[in-house]
């Protein structure tokens, strides 16, 4: 593709680089970093616990603060999405094929729908603010399988699969501490801005979506070729790569199933039509694992809402917000009050001296080289060091290494450099795989950028 995680659970060259898109079993999503799917129960929203007024120099909730509704008044977000469908239906053999594939892969469909529960309300709200068709809320299912850590060979990242250049074009900040392409709020805004621009360019949603996948210049040239040959210039009449030819049929297939799940034998659990998360701004410098602990939630679920952070230390100067489940905000503030500011961090910033080797730095701070690379997003084969590293300040940092999901760096490309590739089967664990290939679990994690959870069919590379 070219571009641009069930409750409490894992952001284009001129348009978007051509990369693999998510699809049912026959066409898996682009080898993302594993985000553990949340349990498949229907969300039963609890009244939002009001955030108490923070003391001076404490974070403050300033946006996305949800208003609690009695359960009886909470509608189903799917129904709201259905009412907003406005893109002309695409017909044909490919649409029927893709619809059948999704319907025949209920576990896959439930997994991506499960991840979507964390983000869909926000996306639908932003779509409706712009007056756009709500089919666009399903696009991350095609792009990334709603995995905000998805990363492609073309370096497209996030729910909306932005490549670096297009991300910068739409003001998505990218540095060693933060990647706006993965940030749920920033990337959604950028993606909808880009899709609006593409629709204004073509006056047709199918061509706009093709441009999002293939690239606006590529679609423009294809239209020009057809015009010159006095041929039709609609989406179905253009010559295009196979991926783009299948791209819109996938979206149409998902729309067909969401519109009438019973017709396809799909059990579509309701999603509450109310905000899932709250945005907190002006947070202090704080460890990722501690922020999750203060919010009384698992680290992997915290990262599922805050995937833009690229290090285990959140620096207030490098991030504009943290995102918490609406019902966790009160606990976060109550627990934060019990901490001195100096106890909020166990990692420190270290600037390597010219010529200093990573091995020497790891020895100095008593951390393994693989672990030091992992928490700093350094590829196992990289030779250059970033200008800044995070290193342990005390034993607390080292003790939390096992807590941190390996979601800070892009996954290692699947091509080359591996002496074996293990396809995860039912019952496999990192320990059993490590024992089979006589390697350490920490090495497997560093090589594959995986966390505690494995998915059947996932590829594990043995270096």
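Using alpha carbons only, how many angstrom separate the centre of region 187-211 from the centre of region 285-338?
The distance from the Cα centre of region 187-211 to that of region 285-338 comes to 33 Å.
For region 73-156, report the translational diffusion coefficient in µm²/s to the nearest whole number, using Stokes-Einstein at 4 °C, 1.567 mPa s, and a Kirkwood Rh over Cα pairs.
So the translational diffusion coefficient is about 90 µm²/s.
Sketch the reach of a paramagnetic label on residue 296 as a point 7 Å from Cα along Cα-to-Cβ, and name the residues of region 334-348 whose backbone nitrogen lies under 18 Å away.
334-339
Debye calculation, C-alpha points only, no solvent: report log10 I(q)/I(0) for region 75-264 at q = 0.12, 0.14, 0.20 Å⁻¹, in the same order as the q values.
Each listed q maps to, in turn, -0.58, -0.80, -1.59.
Once the piece of chain linking residue 369 and residue 282 is laid out straight, how much longer is it, given 0.36 nm per residue of separation minus the C-alpha distance between them?
Here the answer is 28.0 nm.
Show me 78-84, 344-350 ranked by packing, highest mean number of other Cβ atoms within 10 Å first.
344-350, 78-84
Going by how many other beta carbons lie within 10 Å of each one, how would you line up 441, 279, 375, fewest first?
The fewest-first ordering by Cβ neighbours comes to 441, 279, 375.
First obtain the Kirkwood hydrodynamic radius of region 278-403 from its Cα pairs, then insert it into the Stokes-Einstein equation at 25 °C and 0.890 mPa s, and state the resulting D in µm² per second as a whole number.
After rounding, the answer is 159 µm²/s.
Rank-order 193-204, 223-234 by packing density, defined as the average count of other C-beta atoms within 10 Å over each peptide's residues, highest first.
My ranking of the peptides, most packed first, is 193-204, 223-234.
What FRET efficiency do you get for residue 171 and residue 220 if R0 is 22 Å and r is their Cβ-Cβ distance, rounded to the nearest 0.05?
Efficiency computed from Cβ-Cβ geometry: 0.40.
For the pair residue 104/residue 129, report the inter-label distance in nm, with labels modelled 7 Å from Cα in the Cβ direction.
With each label placed 7 Å out from Cα toward Cβ, I get 4.1 nm.
Hey, can you rank 245-258, 329-342 by average C-beta count inside 10 Å, highest first?
245-258, 329-342
Based on the Cβ-Cβ distance of residue 357 and residue 197, what FRET efficiency does E = 1/(1 + (r/R0)^6) give at R0 = 45 Å, to the nearest 0.05?
Efficiency for this residue pair is about 0.45.
Each value in this text was obtained by applying a stated rule to the coordinates, not by laboratory testing. Predicted, not measured: the structure shown is a model, and the values here were computed from it. For neighbour counting, all protein chains shown are included, and Cβ atoms are generated from backbone atoms with ideal geometry for every residue, glycine included.
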